[in-house]
Amino acid sequence: MKKLLPILLLFSLLLAACSASEQSTNQNKEYKIGILLSDTGLGDESFNDSAFRGLEKARDELGILFDYKEAPDGNFEKPLEELVKENNDLVIGLGFSAQEALEKTAKKYPQQQFLLIDAVSELDNVVSLTFKEHEGSFLVGMLAAMTSKTDKLGFIGGVDVPVIHHFENGFIQGAKHFNPKIEILTEYTGTFGDAALGEKVAEKQIAAGADFIYPAAGFTGFGALKKAEEKGVLAGGVDSDQYFVAEKAVAASMVKNIDIAVFNLAKELTESGKIESSSYEWGLAENGVGLSEVRVISLTEEQKAALKKATEDIIDGKITVTAE
């Protein structure tokens, strides 16, 4: 036994040295991340811009290099393959619409690590990141119901897909939590890229009595927010704080902290050499979603307390917000 002790001690020291060496190598390596933005591209003041901010922060604070591609023609495979061939350590596909192309590319390059945001993949080399948009939208729904004088609200969806239903369903549940008798007008436009169509739908809902418009529709939603401002009604932004899109209308935004998520995963990459978990789902408890600063309107202390309590109750599981 006495002879074994020095051997065990030596083995432990070797393991520690290897671990320290690996950590040092990870820290000294210059990591590269490539991202394919969703089809509306950079400058959407929402989904894409938020992810881009996360990579800029990772560049400034972690020293990563990053590149981005856009695919306005809907051909996602070509830019994804370009990002792989540029030897990026992580290739990100932003948005559910990239899933099919990303999975096809991931099968072709099994040694490449991918990150799919807003959809779930079963492939071993694809990390999935989704958000509980319904939890954040619940708070926007409460806020809308608190401010409504007509007891009618408008929800505008882009493409009719499950992730947009999360926004719609959370919004409805939050509004009815505060006022069970409130009415929500809902319409899907079929596109994330038509601001003029967003204006048209918002105008129709406002004419029908809606005095708060909540669009989860990308650039289409941009038009809806501008129309709400023009018509003198309130609105809720999505993904990023969209107050500056329509400063007289946007009372608050359902902030989807894609920038924080992207930065945190970039940090894990630089520290560990790879992203360990196969999937993440972030809601209020994980700071994945939340309500931005409330502007334009003044809430009573009672209303502020109601929003705070609802947030705490969702995190504690006392209120269950369903996505579907």
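The values are calculated or read from the model by the stated rules, or taken from the named source; none is laboratory data. Worth saying up front: this structure is predicted, and the values here are computed from it rather than measured. Virtual Cβ from ideal backbone geometry, glycine too; neighbours counted across all protein chains shown. These area figures cover heavy atoms from the full protein model, side chains too; ligands, DNA and RNA do not enter into them. Shrake-Rupley method; radii C 1.70, N 1.55, O 1.52, S 1.80 Å.
In this structure, the amide hydrogen of I184, modeled 1.01 Å from its nitrogen in the peptide plane, lies closer than 5 angstrom to those of L153, counting only residues at least 5 positions away or on a different chain.
For K318, what charge total do you get from the other residues with a beta carbon under 11 Å from its beta carbon, if Lys and Arg give +1 and Asp and Glu give -1? Local charge sum for K318: -2.
Between S277 and K248, the contour length at 0.36 nm per residue exceeds the alpha carbon distance by 6.2 nm.
So if I place +1 on the C-beta of Lys and Arg and -1 on the C-beta of Asp and Glu, and nothing else carries charge, what would the dipole magnitude of the stretch 188-324 be about its Cα centre? I want it in debye, nearest 20. Walk me through the intermediate numbers first.
Working: 14 positive and 22 negative charges, 79 e Å.
Using only the charged Cβ atoms, the result is roughly 380 debye.
Taking the highest mean first, how do the peptides 80-92, 147-159 order by number of other beta carbon atoms within 10 angstrom per residue? Mind dumping the intermediate values first?
Working: 80-92: 19.8, 147-159: 21.4.
Packing order, densest peptide first, comes out as 147-159, 80-92.
Classify the stretch 210-324 from the C-alpha gyration tensor, please: rounded if a/c falls under 1.5, else prolate or oblate depending on whether a/b exceeds b/c. It is oblate, given that a/c is not under 1.5 and a/b is not larger than b/c. Using a cut-off of 14 Å between beta-carbons, work out the net charge of the residues near L65 (Lys and Arg +1, Asp and Glu -1, L65 not included). Charge balance in the 14 Å sphere: -3.
Overall form of the stretch 44-108: oblate. Here a/c, set by the Cα gyration tensor axes a ≥ b ≥ c, is 1.5 or more, and a/b is not larger than b/c.
Summarising the amide proton neighbourhood of V255: residues at separation of 5 or more, or on other chains, whose placed amide H is nearer than 5 Å comprise G290, L291, S292. Each listed q (0.08, 0.12, 0.15 Å⁻¹) maps to a log10 I(q)/I(0) for the chain from the Debye sum over equal C-alpha point scatterers, namely -0.41, -0.81, -1.14.
Relative contact order of the stretch 184-245: what whole-number percent is it, with Cα pairs under 8 angstrom and at least 6 residues apart?
Working: 88 pairs, mean separation 21.4, N = 62.
So the answer I get is 34 percent.
So, in Å, what gap is there between the alpha-carbon centers of the stretch 228-266 and the stretch 273-324? One Cα centre to the other: 15 Å. Note on the chain: helix-only mean residue ellipticity at 222 nm, from DSSP H runs of 4+ residues weighted -39500 (n - 2.57) and normalised by residue number, equals -15000 deg cm²/dmol. By accessible area, using a 1.4 Å probe on protein heavy atoms only, the stretch 260-324 has 46% of its surface on carbon and sulfur.
Quick one: compute the contact order of the stretch 189-319, relative version, from alpha carbon pairs under 8 angstrom and 6+ residues apart, as a percent.
17
Our summary gives the chain a relative contact order of 18 percent, counting only alpha carbon pairs under 8 angstrom and 6 or more residues apart. Placing +1 on the Cβ of every Lys and Arg and -1 on the Cβ of every Asp and Glu, with nothing else charged, gives the chain a dipole about its Cα centre of roughly 600 debye. For the residue pairs K32/K248; K227/K267; K32/K256; K69/K227; K69/K308; K69/K267, the C-alpha atoms sit more than 29 angstrom apart in K32/K248; K227/K267; K69/K227; K69/K308. Calculated accessible area for the chain comes out at 47 Å² per residue, all protein chains present (probe 1.4 Å; ligands, DNA, RNA ignored). Candidate cross-link partners of K85 among the aspartates and glutamates, defined by an alpha-carbon separation under 20 Å and a same-chain spacing of 8 or more, comprise E30, D67, E70, E77, E100, E103, D124.
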